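Beneath this line is the structure, given in structure tokens, with notes to follow.
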Amino acid sequence: MPDPLHLAVALERTGWHPASWRLPAARPSELLTARYWTDLVREAEAGTLDFVTIEDALGLQTDRPDGPDERTDHVRGRLDAVLIASRVAPLTSRIGLVPTATVTHTEPFHISKAIATLDYVSRGRAGWRVQVSGRAHEAGHFGRRTLPVLDPGSLNSSEAVSAIQDLFAEATDYVEVVRRLWDSWEDDAEIRDAATGRFIDRDKLHYISFDGKYFSVKGPSITPRPPQGQPLVTALAHAPIPYAFAAGSADLAYVTPGDADHARKIVAEIPIPHVFADLVVFLADTEQEARDAKDRLDTLDRTVYTSDAAIFTGTPAQLADLLLDWQAAGLTGFRLRPARLPDDLVAITRGLVPELRRRGAFRSSYEASTLRGLLGLSRPANRFLEGARVA
Amino acid sequence: MPKQIHLAAHFPGVNNTTVWSDPQAGSHIEFDSFVKLAQTAERAKFDFFFLAEGLRLREQGGQIYDLDVVGRPDTFTVLAALAAVTTHLGLAGTINSTFNEPYEVARQFASLDHLSDGRAAWNVVTSWDAFTGENFRRGGFLAEADRYTRATQFLATARELFDSWPADAVVADKDSGVFLRDGSVGGFRHTDQHFDIAGRFNVPRSPQGRPVILQAGDSDGGREFAAATADAIFSRHGTLVEGQKFYQDVKRRLPAYGRSRDSLKVLPAATFVLGDTPAEAQEKAAVVRRQQVSGATAIKLLEQLWNRDLSGYDPDGPLPSIDPDISDAHIARGRASVRMNRDPVAVAREWRSKAEAEKLSIRDLIIETTNRQTFIGTPATVAASINDLVQQDAADGFILVPHVTPGGLDEFADTVVPLLQERGVFRTEYSGPTLRDHLGLEFPA
């Protein structure tokens, strides 16, 4: 029997295919409502998935690499992902909630307490998908720096490589600061000692005194250490610089292999507890129906849909075969990107999940109450404790 | 019809008003405490729930201040979660305009307004101290004199972003394939002393158009800022004469901005102690004051005026005979109140002679001179006082600050609110779904 694998679903708009909003089951006019996101996350929870991720960006969606477009036929506009996750947290109980938050223009102090608070309101189910923004137009929303326009066609130019290295170096410092802030309160810092009148033992609060090239942060956090100690840090990576970032900073990486051999090579570059492969999925009762579904959407969009991740079209049983095959290459799980919502999400929870359970490859009920627990990760010791690992 | 009263619930804060040592006191960080207070406020048909914020832990004498509650959640994140467990209650949060950027704050408030179906409010605060700045990328970059300029420009920029999407921008017509009415929606360009930004905003217009704007400044600049931009102003003037003076002063500034008297609500912060008889309420109030001001707290509060280490003094003994240190470096950092005593030497003399005349110890004196409860009495007398202050234009309502977390509002909700409702001065049901409905504010065009 194989090791159980882990499954996450990446929630985005009405699904990852840009024409998915036009399908009968799509709910494009509800994308800005709490009900929409709650329904999706509850469906994922009914399927005992490990977690959902929620996409986000500090700019309007665009189909151009170099800035905003003026298209009127694709979904535009979105809500802050951390706040969606938080809004859904009290209405769910077991599934992990992993919003995307950008590090490039934001404050590590704010993101640290936001994810810590998500961990409080979800009672230990918070994670974070760290996003680096190399988009020049997003920099223009902040007016604090200018970034070169990074054209996907010339990412190997020395200017582009240097800019990317810089962005990821900043992200590395950022995650370090966030992690130190999470640990800046020891778990038992609140003492409520009536005899001395002290609410906290201040010796158990720590200045993090981070002083780096991009920012300095003194600490401690204003938010006590969250329930998981360290909420789950995750990152999507497609190339050596982000692989190195994920290996050094994340607990879990999402990668985009084209096949099992490719997956094996990538996994070797990211020696951390979890490496998940991303897959866009079109699921149907027959392989032909799944292909037809994609073709119809491509026709509607007058463009053949492509993705940074591999695109799967087939039945839940075929997908189960593929996941188990790739798992053998060293992946610990998968983040599935439903091409159509809710259709492909429902096919995952009611088709793929039972199939994997029949093969003994997926849980039949939640075995832990925290996200780290579901991923087999222990609650880490505080880095500021005597004898703990110094970061 | 008499004036209608507005009420808000302030989650107990990180100062000595909050009595964490009370046997009833619960967690200040677990989500259940926030749920409990918010649901009590909603059960009582309050206008909104309010969260304060401070972005650096307070220090005194170079050490983290440990006598009061320490630790709070992230404002946006906890309010978004509260939107899931309430249906009508406004959700107001303090967000700093110095250590944030307009694009990010605007998208967070617009998101909160969507996720709460129109219940978001923003208490705009400014700070400029380098002490708080040590936690942020830019550090303490702002001169004190620039703080309202920054806040005004921040708010103006955020408004442009909120207004960048017309209400009917999203069509989402599956048949025709038209999602957006206009492909350039959300466009903005803003240049001033503090901000030089341009691009596309990414959150479509929210149910309230813009969040309700709250403001708490008391200086002339703060009042002018409120008159120009705010929908409600917090004040610390909860008595009849002081309240009326403040109320008139703020309301008279409105016409200059083309605004009506009703478009800005004056909401003083207020504490309360209830009893079955007036005497019992007074006794309970005295007990609470002693809980709020322990001997250790009395010394620390005295240090804030004296600006000296007074740890060697006995809280049950007389006041120090030495004068306050009036040098610039202040012993307490990270709290707004330390700048309120403009002439510490004179205040210290006043306190000393009062203590000598009335035979007060340090602790007695601090209890006498600081933050006595606003309303002390039976539910009937407290309801009458609140109503009188509102009907006589000392306020439009109150922000109630319970001293115990999270159950400190229960008794008020159960006993005082029904009396206000009987008088016909407080709603028995919400008249609409949004916070603008509760406050009687117009929807922005």
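The values are calculated or read from the model by the stated rules, or taken from the named source; none is laboratory data. Predicted model, so just to flag it, every value in this text is computed and none were measured. Positions of Cβ are backbone-derived with ideal geometry, glycine not excepted, and every protein chain shown enters the neighbour counts.
Listed values, structure above:
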quantity	calculated
Complete set of residues in segment A:282-302 that are touching a residue at least 24 places away in the same chain (Cβ under 8 Å) and over 20 Å from A:TYR254 (Cα atoms)	A:LEU283, A:ALA284, A:ASP285, A:THR286, A:GLU287, A:ALA290, A:ALA293, A:LYS294, A:LEU297, A:ASP298, A:LEU300, A:ASP301
Residue match in segment A:330-337 (condition: of a type in the set (D, E, K, R), buried (at least 23 other Cβ atoms within 10 Å of the Cβ) and touching a strand residue (DSSP E or B) at 6+ places or on another chain (Cβ under 7 Å))	yes
Boolean, A:ALA329 is more than 26 Å from A:PRO271 (Cα to Cα), among the small types (Gly, Ala, Ser) and either in a loop (DSSP other than H, G, I, E, B) or more than 19 Å from the chain's Cα centre (by Cα) (or both)	no
In segment B:119-149, residue farthest from the other protein chains (Cβ to nearest Cβ) [restricted to those that are in contact with a Lys or Arg (Cβ under 7 Å, 6 or more places away or on another chain), of a type outside the set (Ser, Thr, Tyr) and over 19 Å from A:SER112 (Cβ atoms)]	B:TRP128
Checklist (1) buried (at least 24 other Cβ atoms within 10 Å of the Cβ); (2) more than 8 Å from chain B (Cβ to nearest Cβ); (3) among the aliphatic types (A, V, I, L, M); (4) in contact with a Lys or Arg (Cβ under 9 Å, 6 or more places away or on another chain) applied to A:ALA89, failing item	(2)
Residue count for segment B:295-310, restricted to those that are farther than 16 Å from B:ARG333 by Cβ and within 14 Å of another protein chain (Cβ to nearest Cβ)	5
Filtered residue count, segment A:49-64, keeping only those that are more than 29 Å from A:VAL353 (Cβ to Cβ) and not in a loop (DSSP other than H, G, I, E, B)	0
Per-region count, segment B:151-166, residues over 17 Å from B:GLY54 (Cα atoms) and more than 14 Å from chain A (Cβ to nearest Cβ)	5
Residue in segment B:323-330 that is farther than 20 Å from B:THR132 by Cβ, surrounded by 16 or more Cβ atoms within 10 Å (Cβ to Cβ) and of a type in the set (A, V, I, L, M) present	no
Sole residue being more than 8 Å from chain B (Cβ to nearest Cβ), at positive phi and in a loop (DSSP other than H, G, I, E, B), chosen from A:GLY67, A:GLY77	A:GLY67
Scan of segment B:61-88 for residues that are within 7 Å of chain A (Cβ to nearest Cβ) and under 16 Å from A:GLY197 (Cα atoms), ordered by number	B:GLN63, B:ILE64, B:ASP66, B:LEU67, B:ASP68, B:VAL69, B:VAL70
Tally, over segment B:419-445, of residues that are aromatic (Phe, Trp, Tyr) and free of Cβ contacts under 8 Å to residues at least 12 places away in the same chain	0
Pick from segment B:167-205, criterion more than 18 Å from A:ALA139 (Cβ to Cβ) and polar (S, T, N, Q), ranking: nearest to the other protein chains (Cβ to nearest Cβ)	B:SER184
Any chance B:ILE326 is β-branched (Val, Ile, Thr), within 26 Å of B:SER127 (Cα to Cα) and either at pLDDT below 95 or not in a helix (DSSP H, G or I) (or both)	yes
Test for A:LEU374: is it surrounded by 15 or more Cβ atoms within 10 Å (Cβ to Cβ) and within 20 Å of the chain's Cα centre (by Cα)	yes
Which numbered condition B:SER219 misses (of (1) surrounded by fewer than 16 Cβ atoms within 10 Å (Cβ to Cβ); (2) at pLDDT 95 or above)	(2)
Subset of segment A:192-211 (residues that are over 17 Å from B:GLN63 (Cα atoms) and either modelled with pLDDT under 95 or more than 7 Å from chain B (Cβ to nearest Cβ) (or both))	A:ASP193, A:ALA194, A:ALA195, A:PHE210, A:ASP211
Matching option when the condition is modelled with pLDDT of 95 or more, within 28 Å of B:GLU350 (Cβ to Cβ) and not assigned by TED's automatic domain parsing to the domain that holds B:THR40, among B:LEU389, B:LEU365	B:LEU365
Restricting segment B:42-54 to residues that are surrounded by 21 or more Cβ atoms within 10 Å (Cβ to Cβ) and out of contact with any Gly (no Cβ under 9 Å at 6 or more places or on another chain), the residue that is farthest from the other protein chains (Cβ to nearest Cβ)	B:ALA44
Flag if B:PHE11 is touching a residue at least 40 places away in the same chain (Cβ under 8 Å), buried (at least 20 other Cβ atoms within 10 Å of the Cβ), at negative phi and over 16 Å from the mean Cα position of the chain (by Cα)	no
Within segment B:136-198, strands (runs of 3 or more DSSP E) holding 1 or more residues that are of a type in the set (S, T, N, Q)	B:187-191
Answer from A:THR306, A:THR313, A:THR299 - the residue that is part of a helix (DSSP H, G or I) and hydroxyl-bearing (Ser, Thr, Tyr)	A:THR299
Which numbered condition A:ASP259 misses (of (1) within 14 Å of another protein chain (Cβ to nearest Cβ); (2) surrounded by fewer than 20 Cβ atoms within 10 Å (Cβ to Cβ); (3) not β-branched (Val, Ile, Thr))	(1)
